[in-house]
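What follows is a single structure, written as C-alpha cells, with notes after it.
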Amino acid sequence: MRPFTRHTGIIATLDRSNVDTDAIIPKQFLKSTKRTGYGPSAFFDWRYTADGEPDPGFELNQHRFEGRSILVARNNFGCGSSREHAVWALVQDGYRAVISPWKEVSGKRLPAFADIFQTNTTKNGMLAIELSEAEVDTIFKLVAANKGLQATVDLNTQQVTIHAPKAVSFQFEIDTGAKEQLLNGLDDIALTLQDEAKITQFESSHETWLPG
Amino acid sequence: MGKTLFDKIWDAHTVRALPDGGALLYIDRHLVHEVTSPQAFEGLRLAGRQVRRPDLSFGTMDHNVPTTDDRMEIRDPISRAQVDAMRTNCRAFGIRLYDLGDEHQGIVHMIGPELGLTLPGLTIVCGDSHTSTHGAFGALAFGIGTSEVEHVLVTQSLVQRKPNTYKVEFTGRLAPHVFSKDMVLKLIGTIGTAGGAGHVLEYCGETIRALSMEARMSICNMSIEGGARAGLIAPDETTFDYIATGDRPFAPKGEHLEEAIAHWRTLPSDADARFDQTTTIDSSRIKPQVTWGTNPGMVIDIDQPVPGPGEAYGYSRTDVENALAYMGLAPGTRLTDVAVDVVFIGSCTNARIEDLRLAAAILEGRQKADNVELLVVPGSMQVRRQAEAEGLDRIFKAAGAQWRNAGCSMCLGMNPDQLRPQQRCASTSNRNFEGRQGKGGRTHLVSPEMAAAAAVAGKFVDIRKWLEA
C-alpha cells in the first residue's frame, strides 16, 4: 500500500452533506472485476451530462479546481453501500485526502465519515480527516476567495495547513492504528499473519455451531 | 457491571486485544457475493495466499444477476464475466457456492438465515453493508470493504475498532398497517443517517419482542441507513423456533441444538449493562412512513406535507433544496397526491415470505393501475417456491405484476431492472439515494403494504384510510 506521510495539493470543495458511495461510484461500474480504471467515473452522475460531456454545473468540474488532490465536503461523507470501489475511484481520480466535518446534533457528536468508508480509505493509503464544522466552513470560505488554494496535510503532526494569504492550521485526531498503517504503508494481512499461531489456538477451542 | 449482548459477542471472539481498545476478532461466517469479491480473490492469487477456512465461507450470486425467467444466459458480457469469475474463484478456493439455478440461490442476507448459517452469538461479515440484517438473530454482523474481504479470506479474522453501544427501545404496540419497516424509518428520521455511526445498535422493548424473525430482519437490515454498521436483537424463543423449524441444513440439530440454545440463553444484555447512548420510541404513535428526499432520514408520516428548506430537522437548506429538486417535489406537497410510475416489491429489506403475503393480501382481487409497472422480486428461490406453494404468484400475476426470480434487482439496479430518468418508484427497498435505482430515478421507501396499495391506486395512499374507503 502507498504510504501517506505528508501531502501538499490543491483543495476542491463539494458543498454537499451525506454524500453516499452510490453517488461517488454508481452501480454500473461495479461490474468490473479489476481494482483499477475507476478514476474517470468518480461522481459519474453529477460529473457528466447525458451526452457524456463534463457538466459545467457540477462544482468539482470548475477549472479553478484543476489538478486538485484534496477534497473537502460536508458531514457523513461516504455513507451507504460498503463498496470499496468508491475509495478506488477517488484515489484513482487523484485525491489523496478528504476532509469532512463532524456534526453536533442535540449535544451529540456525529462522525464526519461513515464507518465502512473510513476503513476503506485507510486500506488504500487515503487520509480521511475529521475537522469541526467551523473549521470546514473556514476552508470553504478560503477556497471560494482564493483560486488554486493549496493545503498541506501532515499526518505525523496531525495538522492541516491552508496556504491562504494568511496561513491557517488545524489539528486533527486519528486512530493510532490507522495512523501507523498509513505512515508505513503496511500490508495488514501480513501483520495479522504474524498472529497466525494465536488464531490457530483460538480456533482449537472455539465453537462455530456448524454441524460436524 | 453487567455486559451487553454486544460485549459478550465481542469478548468471545477476541483473538487478541489491541492496545487502542480494538481487537483482532475471529469471524464465524463469511458470506461472499460476486460484486465485492473478485478483487479480493485476485489479491490472494497475486500474494500466493490461500483461504484459511473455506468451510466458513459461503457464496451466492445476487447483485448483478437478471431476475427474468431467461436469466441463465446473461446477455450483458461484463455482468457475465463477473458471474463467471465468482464461479471460478469459488471452485479454485473450495468455497461452497449457491449459483444461479441452485434451489438456495438468493440475496446473500436472505439465504444466510434460511440455510441456518445465521445463528445467535456469531460474528458474520460480508462485503455488503446490509450484513446488519443478521443481527436480528443476536449475531454481530456487519458489512466490510473488499480489502477486508481479502483479510477475512486469508486470516478468518478482522482488526476492528471497538464500537460504542446504543440501546434503541421500542415501547407499546404497533397500530394496524404499521410494520417494522415503519419503525426503522421512524428511527432513522429521528436520529438521522449518521445518528448511529460508530455504534452498534441494540433494539429492544416490547414491540421488538412481539415481532417475527422476518420483521426483526427488516429493522436490523436498515441499521446501516442510520449510520450503524451493526444492529442487534437479543435471541429469544422466537429466534430459537425459527432456527429449529424448516429445512436449515447448517443449523444445529438434536442435542447439539439443545446445547446451542442453552448457550444462546446466556447472550442477552445483563440487566445492569450500560449503553453509551439510549433512545426510546413509542411504537403506538408510529404512522405509515414514506421518504420524500434522497436519503432514508428524509422521511415523513404519510399524512404529513413534504417539508421545505429549513423545515427538515437535521438538514441544511441546501440539503433540502437539492433533494426536492432531484425528487421533483415542491414543499407542502401531500404525497397522497403524487403519482407513481413503478412499484418495486423486493430487496433484502422486504422480500421475505411475510412481506409477500402482506403485499398479496392488498393485491388480491385488485388490479394495478394501468400506468404503473409492478415488479415483485422474491429475495430467494426458497421464498419464491414458498410463495408459489401458497398461490401468491397467481395473485401477483392476476393483479398485473411481473413475478420474478431471486436477486437484488431494482434495489440497486445493477442488473437490467432499473428506473428510467424521472420515473417515480414506491419501493420496499432500503436506499432512496440519487440514482440508486437508475440514473435520475426517484425512490420513495415504504412498507410492502404501502407499496402494493400505491400500485393499485397509481399514487401514494394512506393505507389506513384507503382500506376503509
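Some notes on this structure:
- Between B:Arg464 and B:Gln402, the C-beta separation translates, for a Förster distance of 35 Å, into a calculated FRET efficiency of about 0.80.
- Charge dipole of the protein assembly as shown about the Cα centre (unit charges at C-beta), most positive-ward option of B:Thr133, A:Trp88, B:Val342: A:Trp88
- Overall form of the protein assembly as shown per C-alpha gyration tensor (a/c, 1.5; a/b vs b/c): rounded
- Note, ³J(HN,Hα) from phi for the stretch B:214-230, Karplus 6.51, -1.76, 1.60, rounded to Hz, x at Gly and Pro: 5, 5, 5, 5, 4, 6, 4, 3, 8, 3, 5, 5, x, x, 8, 5, 9
- Placing pseudo-labels 7 Å out from each Cα toward the beta carbon at B:Arg209 and B:Glu388 gives an inter-label distance of 4.1 nm.
- Simple label model, 7 Å out from Cα along Cβ direction - B:Arg317 to B:Arg173, nm: 4.7 nm
- Each residue in B:Leu56, B:Leu46, B:Leu363 was given a count of other beta-carbon atoms within 10 angstrom of its own, and listing them fewest first yields B:Leu46, B:Leu56, B:Leu363.
- Within 10 Å of the Cβ of each residue in B:191-201, the mean number of Cβ atoms contributed by other protein chains is 6.
- Lysines whose Cα lies under 30 Å from that of A:Lys166, excluding same-chain neighbours fewer than 8 positions away: A:Lys103, A:Lys141, A:Lys147, A:Lys179
- Taking a ≥ b ≥ c as the square roots of the Cα gyration tensor eigenvalues, the stretch B:82-181 comes out oblate, since a/c reaches at least 1.5 and a/b does not exceed b/c.
- With 25 Å as the limit on Cα-Cα distance, the pairs of A:Lys34/A:Lys198; B:Lys167/B:Lys465; A:Lys27/B:Lys459; A:Lys108/B:Lys162; B:Lys167/B:Lys287 that go past it are A:Lys34/A:Lys198; B:Lys167/B:Lys465; A:Lys27/B:Lys459.
- Calculated FRET value between A:Ala134 and A:Gln159, using beta carbons and R₀ = 25 Å, to 0.05: 0.90
- Residues B:Arg53, A:Arg74, arranged from fewest to most other Cβ atoms within 10 angstrom of their Cβ, appear as B:Arg53, A:Arg74.
- Amide hydrogen neighbours beyond the local backbone of B:Val32, cut-off 5 Å, H modeled: B:Phe58, B:Gly59, B:Thr60
- Nearest-0.05 FRET efficiency for A:Leu186 and B:Leu18, computed from C-beta distance (R0 22 Å): 0.95
- Within the stretch A:2-26: backbone nitrogen closer than 18 Å to the A:Leu193 label point (7 Å, Cα to C-beta): A:2
- Pairs of Cα atoms nearer than 8 Å and 6+ residues apart set the relative contact order; for chain A it is 25 percent.
- Neighbour count of at most 15 Cβ within 10 Å plus DSSP loop: longest GluC sites (Glu not before Pro)-free window in chain B: B:104-310
- Order of A:Leu149, B:Leu44, A:Leu193 - criterion: other Cβ atoms within 10 Å of each residue's Cβ, fewest first: A:Leu193, B:Leu44, A:Leu149
- Ordering B:Gln422, B:Ala469, B:Tyr242 by the projection of their Cα atoms onto the charge dipole of the protein assembly as shown, which places +1 on the Cβ of Lys and Arg and -1 on the Cβ of Asp and Glu, puts B:Gln422 at the extreme positive end.
- In a simple Cβ point-charge model (Lys, Arg +1; Asp, Glu -1; nothing else charged), the protein assembly as shown has a dipole of about 1000 debye relative to its Cα centre.
- Chain A: C-alpha gyration tensor shape, a/c 1.5 cut-off, then a/b vs b/c: prolate
- Using θ = phi - 60° and Karplus 6.51 cos²θ - 1.76 cosθ + 1.60, couplings along the stretch A:196-203 (whole Hz; Gly, Pro as x): 4, 5, 5, 5, 4, 5, 4, 4
- Partner lysines for B:Lys397 [C-alpha distance under 18 Å; skip if fewer than 8 residues away on the same chain]: B:Lys368
The numbers here are math on the coordinates, done by the rules we state, and not lab data. Remember, predicted model here, so these are calculated numbers, not experimental data. Virtual Cβ from ideal backbone geometry, glycine too; neighbours counted across all protein chains shown.
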